[in-house]
1. At 0.36 nm per residue, and after removing the present C-alpha to C-alpha distance, how many nm does the segment from GLU32 to ARG124 gain when stretched out fully?
2. With a/c under 1.5 counting as rounded, go ahead and sort segment 123-169 into rounded, prolate or oblate using the C-alpha gyration tensor (a ≥ b ≥ c being the square roots of the eigenvalues; past the cut-off, prolate if a/b is larger than b/c, else oblate).
3. At 7 Å along the Cα-to-beta-carbon direction for both MET85 and ARG4, put a label point, then send me their distance in nm to one decimal.
4. Go ahead and run the numbers for FRET between LEU158 and THR97, Cβ-Cβ distance against an R0 of 25 Å, rounding to 0.05.
5. Let me have the 222 nm mean residue ellipticity of the chain computed from DSSP H runs of 4+ only, each contributing -39500 (n - 2.57), with the sum over all residues rounded to the nearest 500.
6. So which trypsin sites (Lys or Arg not before Pro) in segment 124-198 pass both tests, a DSSP loop state and at most 14 other Cβ atoms within 10 Å of the Cβ?
7. Less than 15 Å Cβ to Cβ from PHE77, Lys/Arg counted +1 and Asp/Glu -1: what total charge do the surrounding residues give?
8. Say a site is exposed when it is one of the chymotrypsin sites (Phe, Trp or Tyr not before Pro), sits in a DSSP loop, and has at most 10 other Cβ atoms within 10 Å; what is then the longest site-free stretch of the chain?
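Nothing in this text is a laboratory measurement; each read-out follows from the coordinates by a stated rule. What you see is a predicted model, and the numbers here were worked out from it, not measured in a lab. Here the Cβ positions follow ideal geometry from the backbone for every residue, glycine too, while neighbour counts run over all protein chains shown.
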Amino acid sequence: MQRRRLGSALFSVGLFLLAFGVLFAHYSGFPEGERVDYFGWFPRGCMLGSERCVPWSTGGQLIAAAGSQLAIAGALFLWVANQRMTWARAGFAALLTWLEFVIIFGIVPSEWLNLSQGPLELTRQRIAFTVPSWLVLGNDVSISWAAVKDAISGGYNLGVLGAAMVFAFKIQDWGKPKAKAAIVEKTSLYGRPLTRGER
């Protein structure tokens with residue numbers, strides 16, 4: 001019963017945040033001077049920075065991403081976890097897994113590229129830092145923002161892939177009874193098993 005309440009709460013809050021985040025990202029993406037009916041109260045322009053800004057629409061995308069994760073977790077608690085596995089339930093679990101992989105391996109990296117190559121301007125023409133010459137035998141080695149962007153993207157993909165593998169391994173034990181600890185028999189100084197009252 002507690003699992004169902006938790007699943008219902010996560011699923012409901014997740015769907016609300018997902019819908020709100022999509023609306024937020026859509027309407028905050030309009031140009032600042034453009035008139036928008038009904039939803040014109042969403043903030044527009046830069047949320048952080050001025051020259052290379054993080055737009056308010058990114059905030060909406062983050063809210064939607066968090067909502068999608070809560071909704072998927074709630075669906076797992078409601079309809080998959082600790083229940084007898086049937087073909088229908090296995091198919092639904094596979095659908096949830098596919099949705100999760102689309103989000104974490106498709107949508108999130110794509111939006112990161114849109115943000116980094118667009119408003120943040122993390123391009124190869126801009127230099128992030130120069131490696132000290134004594135570390136590279138007196139050569140001039142500069143690292144562009146494009147390399148930093150790709151390093152962040154690669155690190156994210158490797159980290160999420162590792163987390164997915166660990167989760168897939170751990171989820172195999174869901175619903176299985178836990179192994180009971182072996183009872184250790186106490187023995188006397190002479191090697192005989194002790195009974196109650198003996199020392």
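1. Details: separation 92, 0.36 × 92 = 33.12 nm, distance 2.92 nm.
30.2 nm is the gain from fully extending GLU32 to ARG124.
2. Working: a/c = 6.57, a/b = 2.38, b/c = 2.76.
Oblate is the answer for segment 123-169, as a/c is 1.5 or above yet b/c matches or exceeds a/b.
3. 2.4
4. 0.80
5. It comes out at -17500 deg cm²/dmol, rounded to the nearest 500.
6. ARG124, ARG126, LYS178, LYS180, LYS186, ARG196
7. Details: positive: ARG3, ARG4, ARG5, ARG89; negative: GLU100.
So the environment of PHE77 carries a net charge of +3.
8. Values: sites that count: TYR38, TRP41, TYR190.
That would be 42-189.
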